[in-house]
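The values are calculated or read from the model by the stated rules, or taken from the named source; none is laboratory data. Owing to the predicted nature of the structure, the values given are computational and were not obtained by experimental measurement. Here the Cβ is made from the backbone with ideal geometry for all residues, glycine too, and neighbour counts use every protein chain on show. Protein only, heavy atoms only, side chains kept; ligands, DNA and RNA dropped before computing areas. Shrake-Rupley method; radii C 1.70, N 1.55, O 1.52, S 1.80 Å.
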Amino acid sequence: MRTEFRLSGSGGQGLLLAGIVLAEAAILDGKNAVQTQSYGPEARGGSSKAEVVVSAEDIDYPKATDPDFLLALTNDSYKTYGKLQGKGLIIVDSSVCLDPDIKARTVSLPILDTAANVIGKKVVANIVALGVLGGISGVVSPEILEKAVLNRVPKGTEELNIKALRAGLELAAKAKNA
Amino acid sequence: MPEAKLMQGNEACTLGALAAGLNFFAGYPITPSTEIAELCSEELPKIGGKFIQMEDEIGSIAAIIGASLTGRKAMTATSGPGFSLMQELIGYSAISEVPIVIINVQRVGPSTGMPTSLAQGDVMQARWGTHGDHPVVVLAPGNVRECFDLTIKAFNIAEDLRVPVIVLSDETIGHMREKVVLPDYKSIKVVNRKAPATPAGYLPYKADQDGGVPLMAPFGAGYRWHVTGLSHDETGFPTNKGEVAGDLIKRLMRKVEKAEPVIRDYATESADDCDVLVVAFGSSAMSATSAVRQARAQGVKAGLFRPKTIWPFPEEPLRELAAKAKRIIVPEMNLGQLVLEIERVVAGKAPVERLSKVNCELFRPEEILKAIIGGSK
């Protein structure tokens, strides 16, 4: 079975890295994974999108066609990609204003706020988001996600990033129970 | 057992180049190829190789030609605008028979276009961008693992035939990350240049009997050798004799023509009994593969022919498949370039339909599926 993720937001939020870690976690778990991206010419501030496809089988087409999970951290990305969302779930940051015209099932979670105020570092919002996506999708286990995060993050930031990942997993658990 | 890794296309090109013996890179960073220069700048100093960031792409290709003359395995990487600047010296590499590898990670053009957007618009430029009849080999990877394999192959062909070889990647293949298991490095075949036995009586452009490829001495190692972009005779010195110039052009072209059956590389899927044959390369072939599989699942006899050598084009295998197919569809991210070669090869044996796209977004499989099914019913 093919599981498709679309991670969207603003350049500089680290969503590309979150997508890479998600794909690496899937590979650690013995699955196939492909990650693609699209971004504007700006290094920061422009629109940014990363996609991850995970499957136990061969992946021929690398892009998301009908994402099972759309993550949108900004109003712009929510408006752009929310409209295209079909069967899958939308996960937005709680700073995003919901639009009644966007009909797909949506959960709103304080991802940016958790990073800034609970963990105390805005830059780990991508790892919080990774925890949310991993937790809600269940595509890989929390243990494997931790291992994948530790493989990628710079030395000295391990503890911070694991804290962020766990905070994301907790947000996911709460959303699932709600 | 080599482990599975998430790897980017550009990274795989670089690792392939290193596995083939790359020890000199000169380039000018340009999206979407920059990761290649970046990784070369990290890896080459570790193995005693050289990385130079040049002032522009003209300087870059000039530098790799110079390095190759001294015996280095040399490469540059670029995208459309830089590739345009390199054209004159691709001709120089071809006529002076100095092996080089160029990786062109295509983006949309013309001119600077959009740096981060997908296109496959350099098919014809890769073949005929520089003036005059000239030999060139162009390879098109269709996934990340092939970026590794075909870059090795590019070096081997360059060394073997003494020609410029272009790896024609694109934004999607270059930036995509896939699960890759690299081969055991001991199993990789690497071609090294054959050097002449002695400087005495060395004629740098005297072709050997069978291959038509002269032996190449490293410059500065005691061999007398004149290198020029002018038409030359066996000594390498310029000639004004039309016949000598003509013989040189014919020999240069024949090197690649003769090698075509050996360097030929392509993949097929469900192509043996298909009514509708899709011919696609690079990133478009990923969409085409998905479309062909979906068509088969719906009971439509579709198949795929995916050239990996696109210049010279693998004519014979396509001609055989075309004789059996009812229709041929050619999806590509340009307004119709490779299709011209396919029309020539197929020569009316089956109708050839163009499926062109230039909105910078990779074909969705259903766009190709629609073309497959639409015409079959």
Test item: B:280-289 mean partner chain Cβ contacts at 10 Å: 2
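Apply the Kirkwood formula to chain B: the hydrodynamic radius equals the inverse of the mean of 1/r over all pairs of different alpha-carbon atoms; give it in Å with one decimal.
Roughly 21.2 Å, rounded to one decimal.
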Heavy atoms of B:Tyr185 accessible to a 1.4 Å probe, total area in Å² rounded to 10: 110 Å²
Within straight-line cross-link reach of A:Lys147, aspartates and glutamates at Cα separation under 18 Å, skipping those fewer than 8 residues along the same chain: A:Glu24, A:Asp29, A:Glu158, A:Glu159, A:Glu170, B:Glu3
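Taking each residue in B:168-178, count the Cβ atoms of any other chain within 10 Å of its Cβ, then average. What number comes out?
4
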For A:29-38, mean number of other protein chain Cβ atoms within 10 Å: 5
Separation of the B:Lys46 and B:Glu320 label points, Cα + 7 Å toward Cβ, nm: 4.3 nm
Calculated FRET value between A:Arg105 and A:Ala173, using beta carbons and R₀ = 22 Å, to 0.05: 0.80
Label-point gap, in nm, between A:Asn151 and B:Leu203 - each point 7 angstrom along Cα→Cβ: 5.8 nm
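Compute the Cα gyration tensor for segment B:287-358, then decide on rounded, prolate or oblate, letting a ≥ b ≥ c be the square roots of its eigenvalues: rounded whenever a/c is under 1.5, prolate when a/b is larger than b/c in the other cases, and oblate in all that remain.
Since a/c reaches 1.5 but b/c is at least a/b, the shape of segment B:287-358 is classed as oblate.
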Spatially proximal lysines relative to A:Lys79 (Cα-Cα < 29 Å; intrachain offsets below 8 disregarded): A:Lys49, A:Lys63, A:Lys87, A:Lys103, A:Lys121, A:Lys122, A:Lys174, A:Lys176, B:Lys357, B:Lys370
Highest average packing first - B:357-366, A:94-103, Cβ atoms within 10 Å: B:357-366, A:94-103
Dipole axis of chain B (+1 Lys, Arg; -1 Asp, Glu on Cβ), positive-most option in B:Met286, B:Val181, B:Ala271: B:Ala271
Relative contact order (%) - criterion: Cα under 8 Å, at least six apart; region: segment B:1-263: 21 percent
Space enclosed by the convex hull of the alpha-carbon atoms of the protein assembly as shown, per residue, Å³: 160 Å³
Peptide ranges A:118-124, A:28-34 listed from the most packed, as the mean C-beta count within 10 angstrom indicates: A:28-34, A:118-124
